[in-house]
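The values are calculated or read from the model by the stated rules, or taken from the named source; none is laboratory data. Please read all numbers here as calculations on a predicted model, not as lab measurements. No Cβ is skipped: glycine too gets one built from the backbone with ideal geometry, and neighbour counts run over all protein chains shown.
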Amino acid sequence: MAKKKFVVASFDEEANLFPAVKDVRTAGYKIHDVYTPFPVHGLDKAMGLRETSLHTAGFIYGIIGTATALGGMSWVFVSDWPQIYDGKPHFALPAFIPITFELTVLFASVGMVYTFCWLCQLAPFVKKHLFHPRQTDDIFAMVIECTPTTNVEELVDSLKSKGTVGVEVQEAEADWWWGRWDKSQQIINDNVIEVL
């Protein structure tokens, strides 16, 4: 994959991060991501992110679980191996409800976990570039992707006036890649072009 240039602005307070995110979006720059040590309420709206469709995926997985349970039990007890238990009909829907409920919950929960991991590119074997070594510790890091028309010097000067504790320009892979950190991780300073 080709490397891209990023401007990484570090903030030590949430109060400085919000206005900077809004100003960067208003100026038309592309925010790659914002890394925070804890969930920040309202940051998704400030970044202009749309609402997640994970709940829709959960509903679809639940419907698949319901259909699997009802279809499987109907096939077994009505067609494949019909037996009469104390006069109950072959298709005894009230007796199918507990298993149907359990498979609905199982399919929805497992499916949503896998979908979440896929969308967020999370797995033990997936690597992503670490833009700031303290981004999940105590620093808020806003990463802005530089396009060919981005004036980096103007952007850096603009960010310095917004309460940053540091601004650096880095070259890094934008997407995830296969591998293990302990085998091939490069030190973050190798990717830093300039610390401003």
request  = Select, from Asp33, Asp86, Asp44, the only residue that is free of Cβ contacts under 8 Å to residues at least 12 places away in the same chain and surrounded by 13 or more Cβ atoms within 10 Å (Cβ to Cβ).
outcome  = Asp44
task = Mind listing just one residue for me: the one in segment 47-83 that is without any contact (Cβ under 8 Å) to a residue 12 or more places away in the chain and of a type in the set (Phe, Trp, Tyr) and, of those, nearest to Ala27 (Cα to Cα)?
result = Trp75
inquiry  = Please verify whether Ser74 is of a type in the set (Ser, Thr, Tyr), loosely packed, with under 12 Cβ neighbours inside 10 Å, over 18 Å from the mean Cα position of the chain (by Cα) and more than 30 Å from Glu168 (Cα to Cα), treating the condition exactly as stated.
reply    = no
ask   = Out of Ala20, Ala9, which single residue is in a strand (DSSP E or B), surrounded by 15 or more Cβ atoms within 10 Å (Cβ to Cβ) and either in contact (Cβ under 8 Å) with a residue 60 or more places away in the chain or in the same structural domain as Leu106 (by TED's automatic domain parsing) (or both)?
value = Ala9
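Restricting the search to segment 33-82, which residues are part of a loop (DSSP other than H, G, I, E, B) and of a type in the set (A, V, I, L, M, F, W, C)? Full working, then the answer.
Restricting attention to segment 33-82, the residues satisfying the condition of being part of a loop (DSSP other than H, G, I, E, B) are 36-42, 48-53, 81-82.
Result: Phe38, Val40, Leu49, Trp81.
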query = Does Thr149 meet the test of being among the β-branched types (Val, Ile, Thr) and modelled with pLDDT under 80?
reply = no
message = Would you confirm, using the coordinates I've provided, whether Ala141 is of a type in the set (Gly, Ala, Ser), under 26 Å from the mean Cα position of the chain (by Cα) and over 23 Å from Glu14 (Cβ atoms)?
response = no
inquiry  = Please determine whether any residue of segment 140-160 is exposed (fewer than 14 other Cβ atoms within 10 Å of the Cβ), free of Cβ contacts under 8 Å to residues at least 24 places away in the same chain, of a type in the set (Val, Ile, Thr) and in the same structural domain as Leu17 (by TED's automatic domain parsing).
reply    = yes
